[in-house]
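Student: I'd like to ask you about the structure that follows.
The values are calculated or read from the model by the stated rules, or taken from the named source; none is laboratory data. Source: prediction; values computed, not measured. Backbone-built Cβ (ideal geometry, glycine too); neighbour counts: all protein chains shown. Accessible surface is based on the protein model in full, side chains and every heavy atom, while ligands, DNA and RNA are left aside. Shrake-Rupley method; radii C 1.70, N 1.55, O 1.52, S 1.80 Å.
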Amino acid sequence: MTRFLILLLLLLGLASPANADDISASARSVVRVVTVAVVDDQVVGFGHGSGFAVAPNRIVTNAHVVDLAARYPDNVVIGVVPSEGSRSYQGKVIAIDTQRDLALIEFSGVKLPTVALYTGPLDEGSSVTALGYPGNVDMATARSAADYIMPVSPVRSEGVFSARRTLSAVEVMLHTASIARGNSGGPLLDPCGRVVGVNSALTRGEEGDANFGFAIADTELATFLRNAKQDFAGVGTPCTSIAERLKQDSDADALTAAEAQKAKLDATSQAAAARDHAMVVARDAAQRQRENFIAIAAGLLVAGLIAAGGAAMLELRGQRPWAIGVAAVGAIVFVAALVVFVMRPTGEPVLPPVVPDAAPTVSSGTAIGPMVCSVVPARSRVTVSSLDDVKLDWGTAGCMNQRTQYAENGNKWDRILVPSEEQTVSVLQFDPATKMYSNARYLLSATQMDAARKVRAQVSLKVCSTDIAARANLSTQQAAIRATLPPLPNEKIVYSCKPAP
């Protein structure tokens with residue numbers, strides 16, 4: 001019987017296609033948790049709930065979903081069934097907190113996409129979405145027990161966050177998203193697909209009473225994970241739609257360009273006014289200089305005439321030697337007057353040469369060297385990624401980190417990364433002029449990743465190259481990869497880079 005159970009847990013299944021939105025992206029991190037109790041090779045119990053990945057090989061669920069497995073590990077098998085793929089996996093409980101009703105399960109054989117916890121404030125009335133595998137849906141659709149271990153996308157239901165309450169000394173979140181037995185351990189998400197709670201229980205409406213769901217609060221979940229020494233992604237930025245963020249980013253770029261153009265026009269206008277003023281000053285100075293030269297020439301001419309008259313008088317008095325000397329001086333003065341008059345300025349102003357801008361134009365292919373890039377929150381939209389600084393090394397002709405070739409896109413440089421294992425495509429861009437770096441991340445389904453990887457396989461440029469034709473071919477191949485992506489990314493992280501110390 002045990003052999004049968006192992007085979008049952010390894011049955012193949014088909015994954016449902018997912019939409020390219022934040023909730024669907026988070027749904028790929030949600031799993032069904034199946035427990036099968038066996039005594040003397042006989043199945044004596046069967047249960048299931050939901051869970052979600054906080055690490056590629058670890059999921060969170062409710063303690064009551066796997067409580068029997070924690071108490072009787074030799075008699076209870078835990079099956080982890082991803083939302084897509086071709087098989088299920090066996091897991092084991094590595095941490096459990098019955099007070100908070102939380103458990104951490106580890107498994108191997110596949111790496112799941114992970115979700116992030118929202119660490120910011122959540123206002124009452126905010127939209128929330130529950131993901132999981134409600135038992136009433138399974139009972140209505142399952143044809144056999146084997147259907148419970150076939151990968152299938154989780155069911156989503158939407159509602160609002162109603163209030164925070166305390167239930168048995170544990171903080172819980174009251175919400176109106178429809179849940180049922182089987183949703184236990186599944187995530188409660190904000191509109192950006194970030195976990196705000198773990199669905200755990202529900203009220204039962206009687207005589208027209210409204211139904212409410214209870215989710216273990218994010219604060220309790222974070223404490224549980226820290227106690228279990230389990231790292232997790234936490235994002236505290238408010239939820240903004242990617243369309244709104246891209247529009248704001250575009251508007252910011254347009255405003256920056258307009259301000260730069262206005263500053264350029266203002267500088268040109270100020271330069272023209274300064275030059276006109278300099279022209280007036282220079283013209284007045286040149287005119288005064290010309291008049292001074294003419295006055296000096298006239299003075300020398302008068303002095304020459306006086307010397308000539310004096311020489312004539314000395315000659316009449318018979319003092320020839322003195323007459324010759326005075327006449328010679330007069331002649332020199334006459335020549336000097338002529339020279340000064342001929343050399344007089346024209347009166348046209350002479351302006352200094354135009355000095356070029358202090359900041360020279362740098363080619364976009366020029367090396368910058370090592371940089372440290374920090375996230376610009378006002379221009380970023382983050383759902384699951386880290387906000388840590390990124391170290392980059394921009395080399396000649398679009399060579400990033402001495403190994404990855406980027407392709408020209410105007411004055412900017414682009415590169416699309418399609419990893420072999422992660423279900424994320426990153427469209428990277430660097431602007432050497434502004435030292436702005438961005439990462440547009442697409443969180444894709446397995447089917448979408450397969451399509452992108454098939455196109456990625458055609459990319460022939462694997463290392464940095466100074467060959468312009470090779471880079472042009474890379475740009476064409478990347479355009480083909482773009483065609484396989486959804487219209488909008490899930491995240492856009494913008495960094496401002498500075499030279500590394």
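Student: Are any residues in segment 386-411 assigned to a strand (DSSP E or B) and touching a Pro at 6+ places or on another chain (Cβ under 8 Å), and if so, which ones?
Tutor: To start, the set of residues in segment 386-411 that are assigned to a strand (DSSP E or B) comprises 390-394, 399-400, 404-405, 407-409.
The answer is K391, L392, D393, W394.
Student: In segment 406-420, which residue that is within 16 Å of V455 (Cβ to Cβ) and in contact (Cβ under 8 Å) with a residue 40 or more places away in the chain is surrounded by the fewest Cβ atoms within 10 Å (Cβ to Cβ)? Break it down into steps so the answer makes sense when it comes.
Tutor: Restricting attention to segment 406-420, the residues satisfying the condition of being within 16 Å of V455 (Cβ to Cβ) are 407, 414-420.
Filter again for in contact (Cβ under 8 Å) with a residue 40 or more places away in the chain, leaving 407, 414-416, 418.
On the way: A407: 21, D414: 21, R415: 19, I416: 25, V418: 23.
Ranking the qualifying residues of segment 406-420, first place goes to R415.
Student: Moving to a separate point now. Restricting to segment 112-136, give me the number of residues that are part of a strand (DSSP E or B) and over 29 Å from the mean Cα position of the chain (by Cα).
Tutor: The initial filter retains those residues of segment 112-136 that are part of a strand (DSSP E or B), namely 117-118, 127-132.
Subset that is over 29 Å from the mean Cα position of the chain (by Cα): 132.
Of the residues in that region, 1 qualify.
Student: When the residues of segment 77-90 are filtered to those that are within 16 Å of V38 (Cβ to Cβ) and not polar (S, T, N, Q), which remaining residue is farthest from the chain's Cα centre (by Cα)? Don't jump to the end; show me each part of the working.
Tutor: So the first thing to find is which residues in segment 77-90 are within 16 Å of V38 (Cβ to Cβ), and the list is 77-79, 90.
In the following step, the residues that additionally are not polar (S, T, N, Q) were identified as 77-79.
On the way: V77: 42, I78: 39, G79: 37 Å.
Only one residue tops the list, namely V77.
Student: Restricting attention to segment 164-181, and to residues there that are within 16 Å of F224 (Cβ to Cβ) and open to solvent by 30 Å² or more (accessible area, probe 1.4 Å), which single residue is modelled with the highest pLDDT?
Tutor: Checked segment 164-181; the qualifying residue modelled with the highest pLDDT is E171.
To keep it simple, each residue is scored yes or no on (1) within 18 Å of S200 (Cα to Cα); (2) open to solvent by 40 Å² or more (accessible area, probe 1.4 Å); (3) modelled with pLDDT under 95.
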| position | (1), (2), (3) |
| --- | --- |
| V39 | no, yes, yes |
| V44 | no, yes, yes |
| N62 | yes, no, no |
| V76 | no, no, yes |
| D97 | yes, no, no |
| L102 | yes, no, no |
| V110 | no, yes, yes |
| A130 | yes, no, no |
| V137 | yes, yes, yes |
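Student: Cβ-Cβ under 6 Å, sequence separation 6+ or interchain: first residue in segment 222-247 and over 17 Å from A440 (Cβ atoms) and in a loop (DSSP other than H, G, I, E, B), partner open to solvent by less than 30 Å² (accessible area, probe 1.4 Å) and among the β-branched types (V, I, T). Which pairs?
Tutor: Final answer for the pair search is F232/V54.
Student: Restricting the search to segment 214-232, which residues are open to solvent by 10 Å² or more (accessible area, probe 1.4 Å), among the small types (G, A, S) and within 26 Å of F161 (Cα to Cα)?
Tutor: Once the filter is applied, which keeps residues that are open to solvent by 10 Å² or more (accessible area, probe 1.4 Å), among the small types (G, A, S) and within 26 Å of F161 (Cα to Cα), segment 214-232 yields only A222.
Student: Checking the conditions here, which among G79, G109, G91 is within 24 Å of S445 (Cβ to Cβ) and in a loop (DSSP other than H, G, I, E, B)?
Tutor: Values: G79 fails: in a loop (DSSP other than H, G, I, E, B); G91 fails: in a loop (DSSP other than H, G, I, E, B).
Criteria check complete, one pass: G109.
Student: Name the residues in segment 55-76 that are in a loop (DSSP other than H, G, I, E, B) and either under 31 Å from the mean Cα position of the chain (by Cα) or among the small types (G, A, S) (or both), would you?
Tutor: Of all residues in segment 55-76, those in a loop (DSSP other than H, G, I, E, B) come to 56-57, 62, 72-75.
Of everything in segment 55-76, those that are in a loop (DSSP other than H, G, I, E, B) and either under 31 Å from the mean Cα position of the chain (by Cα) or among the small types (G, A, S) (or both) turn out to be P56, N57.
Student: Could you grab me the full set of residues in segment 375-388 that are out of contact with any helix residue (DSSP H, G or I) (no Cβ under 8 Å at 6 or more places or on another chain), of a type outside the set (A, V, I, L, M, F, W, C) and surrounded by 14 or more Cβ atoms within 10 Å (Cβ to Cβ)?
Tutor: P377, S385, listed by residue number.
Student: Okay, next question. Within segment 389-401, track down each residue that is open to solvent by 70 Å² or more (accessible area, probe 1.4 Å) and either hydroxyl-bearing (S, T, Y) or under 23 Å from A479 (Cα atoms) (or both). Even if it seems obvious, please write down each step before you answer.
Tutor: Kept after step one, since they are open to solvent by 70 Å² or more (accessible area, probe 1.4 Å), are these residues of segment 389-401: 389, 391, 396.
The answer is T396, and nothing else.
Student: Let me ask something else about it. Restricting to segment 421-474, give me the number of residues that are under 22 Å from the mean Cα position of the chain (by Cα) and either at positive phi or surrounded by fewer than 15 Cβ atoms within 10 Å (Cβ to Cβ) (or both).
Tutor: The total comes to 4.
Student: Now, a different point. For residues that are at pLDDT 90 or above, of a type in the set (A, V, I, L, M, F, W, C) and farther than 20 Å from V494 by Cα, tally how many sit in segment 430-462.
Tutor: So the count comes out to 6.
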